[in-house]
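Right, one structure below, let's go through it.
The values are calculated or read from the model by the stated rules, or taken from the named source; none is laboratory data. Remember, predicted model here, so these are calculated numbers, not experimental data. Glycine gets a Cβ as well: all are built from the backbone with ideal geometry, and neighbour counts include every protein chain shown. The protein model used for the area step is the full one, side chains on, heavy atoms only, and it has no ligands, DNA or RNA in it. Shrake-Rupley method; radii C 1.70, N 1.55, O 1.52, S 1.80 Å.
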Amino acid sequence: MRAMLLESSIRLNTHAAAGVTDVCIRAERLGKVIDGRMVLKDLSFEVARGMIVSVLGANGAGKSTLLKLLATLTSPTSGRLELFGRPPDGARSRARIGLVGHETMLYRDLTALENVMLTARLHGVPEARARALTMLDRLGVAERAGDAVRNLSRGTAQRVAIARALVHGPDLLIADEPFTGLDVGSCGVVERVFSEFRARGGTIVMSGHDVEQALRLGEHVLLLMEGRLASSEASHRIEASNLRKRIGGRE
Amino acid sequence: MIALRQILLLLGKDLRIEARTRQALALVLVLGILIVVVLALGLQGGNARGGLSATAILWVAYLFGGAMCFEKTMAVETHDGALAGLLMAPMDRGVIYLSKLLANLVLMATLAIVITPVGVVLFGFDLSRAPLAFASVVGASLIGYAAIGTLFSGLVASSRLSGGLLAVVVFPLSLPLVIASTQLLKGVFEHGNALDASAMGVIVAFDVIFLTVSWIVFELVIEP
């Protein structure tokens, strides 16, 4: 059974060579049915702690559903998921996960600072205000801390959303198209924050449509096609044009 | 203690948003007052003085005003996917339920405080003989109504169902509460009666059952 499992699994173990061998995510034959439709089929993979993994695929390939599963926002219909070496156990698992969603997930009538502070306080972060201000500063939006989110541009709100996701110091960041709405300068700020997060041992699983960016940031790329794991390869072994062609062929 | 702190944090968040936007409360108060005034005019005032008609009219205002509260307090979570952010917090989802329940109760209590004097003027309720009995009946009834309303507002927010469905589901479920409450209020208005223990028992039992069930079930119905 174990041999079969390993055979079907696609191990993302490039980081093992660097001495980081802890498995952050282990998925075994994950499946998800939504409204009678099989959205994810038989996904098996492992992600080592301290890696950045890019999830790519055409629209409707199942990227967002996979990220929701990893964030424990929904449960798999079949298969088994382990986070931090054990099955997800509600609040304890969620305390170690940060989520950047497809939408900003912010309250538009609260200020940027209030939004980030609320998450910090719900997580029991000491000195929540100072910590929230630090995170907003790191994302380059500290000067907008007192502005209501409804008055922020999409890009600024997105950076506040990323500050909110990281304010409690998670071990795993799940990011669904985190660069949505960001200009070139803001993308650079977010990429730097992600790199710092990874350097401190954090793991990132992110989706997106920008192939070059996914290859540049992610050490590994998971390619989803029609809910199946079509390939999993180290980024340095992937040709951007080939990857784009494979994704584009399905769109 | 941690759960209590989280409940208060979320309640504070909801009340702060309401204080800034005044969307829910303003609408609920206008609707409540309109219902009482329109029905008073329709029933030509004196015909509905005291008794069942008057208490029924108050309940119509509570039911529709409450349904609007449930929708508005949950709508805060559906904008920009805020609900998913909330569900990622390390807390039992019952915490979200209890904080929403309290936010709804604050709004509904405000509604009751505003429309009751309007009812006194238009229908000649005599609250002076048993004000505490009136407050107890209305308070206990609103707790039960808010218990089911908060649960189903979560269900509607998590599904593709339309908001209008909320009233269709919640009104019939509230029937035992409304019947027991109107009987008790009729006695209070007409005779200044002390509370009938059996009717009050129905309301308290309704509260306990639906608070417990809703708190447990909310975990299953709420999804981003």
Per residue, accessible area of region A:97-169 with a 1.4 Å probe, heavy atoms of protein chains only, in Å², comes to 35 Å²
Taking A:134-144, B:147-157 and ranking on average Cβ neighbours within 10 Å, highest first, one gets B:147-157, A:134-144
Cα-based Rg then Dmax for region B:2-221, in Å, read 17.6, 56
Between A:R228 and residues 5 or more places away or on another chain, the pairs with built amide H atoms under 5 Å apart involve A:K41
Counting other chain Cβ atoms within 10 Å of each Cβ in A:121-133 and taking the mean gives 2
So the A/B interface buries, both sides summed and with a 1.4 Å probe, an accessible area in Å² (nearest 100) of 2400 Å²
With +1 on the Cβ of every Lys and Arg and -1 on the Cβ of every Asp and Glu, the dipole magnitude of chain B about its Cα centre, in debye rounded to the nearest 20, is 320 debye
Sorted by accessible surface (1.4 Å probe, heavy atoms of the protein chains only), largest first, A:V160, B:V168 come out as B:V168, A:V160
For region A:51-128, listing GluC sites (Glu not before Pro) in a DSSP loop whose Cβ sees at most 13 other Cβ atoms within 10 Å gives A:E127
Restricting to lysines and to Cα separations under 17 Å from B:K100, and discarding same-chain partners fewer than 8 apart, the set is B:K13, B:K72
For the protein assembly as shown, the charge dipole (Cβ of Lys, Arg +1; Cβ of Asp, Glu -1; about the Cα centre) points to a positive end, and the Cα of A:A163, A:H236, A:V211 closest to that extreme belongs to A:H236
Rounded to a whole %, the carbon-and-sulfur portion of the accessible area of region A:97-169 at a 1.4 Å probe is 44 percent
In nm², the average projected area of the convex hull spanned by the Cα atoms of region A:55-190 is 8.9 nm²
With -39,500 (n - 2.57) per DSSP H segment of 4 or more residues and division by the full residue count of chain A, the 222 nm estimate, nearest 500 deg cm²/dmol, is -10000 deg cm²/dmol
Answer in debye to the nearest 20: the dipole magnitude of the protein assembly as shown about its Cα centre, from +1 Lys/Arg and -1 Asp/Glu charges placed on Cβ, is 480 debye
Given the candidates B:A54, B:I35, B:V168, the one whose Cα lies deepest towards the positive end of the charge dipole of region B:2-221, counting +1 at each Lys or Arg C-beta and -1 at each Asp or Glu C-beta, is B:I35
Expressed in µm² per second, the diffusion coefficient of chain A from the Stokes-Einstein equation, with Rh the Kirkwood radius over alpha carbon pairs, at 20 °C and 1.002 mPa s, is 116 µm²/s
Filtered hits (lysines, Cα-Cα < 21 Å from A:K41, offset >= 8 within chain) -> A:K32, A:K63, A:K68
Taking Cα atoms, the helix A:154-166 axis meets the longest principal axis of chain A at an angle in degrees (rounded to 10) of 80 degrees
Of the convex hull drawn through the C-alpha atoms of region B:183-224, the volume per residue in Å³ is 78 Å³
Given unit charges at Cβ for Lys, Arg (+) and Asp, Glu (-), the dipole magnitude of region A:97-169 about its Cα centre in debye, nearest 20, is 80 debye
Rounded to a whole number, the mean other protein chain Cβ count within 10 angstrom for residues of A:91-102 is 3
Region B:2-221 accessible area per residue, 1.4 Å probe, protein heavy atoms, integer Å², reads 42 Å²
In cubic angstrom per residue, the convex hull of the protein assembly as shown built on its Cα atoms measures 163 Å³
Relative contact order of chain B (C-alpha contacts under 8 Å, at least 6 apart) in percent is 28 percent
Expected output for region B:63-95, residues with a loss of 50 Å² or more in accessible area relative to the chain alone at probe 1.4 Å, reads B:D80, B:M88, B:P90
Asserting the computed 222 nm helical MRE of chain B (DSSP H runs at least 4 long, -39500 (n - 2.57) per run, divided by residue count, to nearest 500) equals -28500 deg cm²/dmol
antiparallel share of DSSP beta bridges within the protein assembly as shown, to nearest 5, in %, is 50 percent
Mean per-residue count of partner chain Cβ within 10 Å for B:8-18 equals 3
Rounded to the nearest 10 Å², the accessible area of A:I204 using a 1.4 Å probe with every protein chain kept is 0 Å²
Karplus ³J(HN,Hα) for region B:13-20 (6.51 cos²θ - 1.76 cosθ + 1.60, θ = phi - 60°; Hz, whole; x = Gly/Pro) runs 4, 5, 6, 5, 4, 5, 5, 7
Among A:L122, A:S75, A:G201, the residue whose Cα sits farthest towards the positive end of the charge dipole of chain A (+1 at Cβ of Lys and Arg, -1 at Cβ of Asp and Glu, taken about the Cα centre) is A:S75
